[in-house]
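Asker: I have a structure I would like to understand better, so I am pasting it below and will then ask my questions one at a time.
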Amino acid sequence: MRKKGINVLALVICGTLMFTLVGPGSAMAYGKKGMDSKIYHKASYMVDNRDELGLTDEQVRQINAIKTAVKKEMIKKNAEIDLVAVDIKTMLQENKVDVKAARDLLDKKYELKKEKAKYLVGEYAALKDMLTDEQMGSLEKMWRDKGKGPCDRK
């Protein structure tokens, strides 16, 4: 009887952890795709369908420039964030932890993450803004017809 109770408890804990890690709203629920992935995907989709959208050569160049700039900036920002995380981890391994310095590093880490998110929102908006209203309408229709519209997310 006791063994059965332990097994049930283990199942409940596993189920709770799975829902927490992969449940709705978690990063893993959508394959850990962030805003940068959304920009890459939309930019590639736009360039791949340039004829259907009626994109000019200049628009294609601008789209590719945004995609490249975002990749470069994400490499830089992620490296900065990782370096601060290493500093925090190193600081926490010391016998005496300087709490103020650790808090300052945490503030720096999350300030970098905030800057990254704001940058991505701006670039995503710039990507969409370079299309005419007609091109945007065509893109949204193509997206919906392929079952990839914002309302089709499960």
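The values are calculated or read from the model by the stated rules, or taken from the named source; none is laboratory data. Please read all numbers here as calculations on a predicted model, not as lab measurements. Here Cβ is always computed from backbone atoms with ideal geometry, including for glycine, and neighbour counts include all displayed protein chains.
Asker: Show me the helices (runs of 4 or more DSSP H) found entirely inside region 40-154 where at least 1 residues are surrounded by 14 or more Cβ atoms within 10 Å (Cβ to Cβ), in contact (Cβ under 8 Å) with a residue 12 or more places away in the chain and among the β-branched types (Val, Ile, Thr). Steps first, please.
Answerer: Values: elements: 50-53, 57-92, 99-129, 133-145.
Counting at least 1 such residues, we get 57-92.
Asker: Among the residues of region 135-154 satisfying the criterion of being over 14 Å from Arg50 (Cβ atoms) and in contact with a Gly (Cβ under 8 Å, 6 or more places away or on another chain), which is modelled with the lowest pLDDT?
Answerer: Trp143
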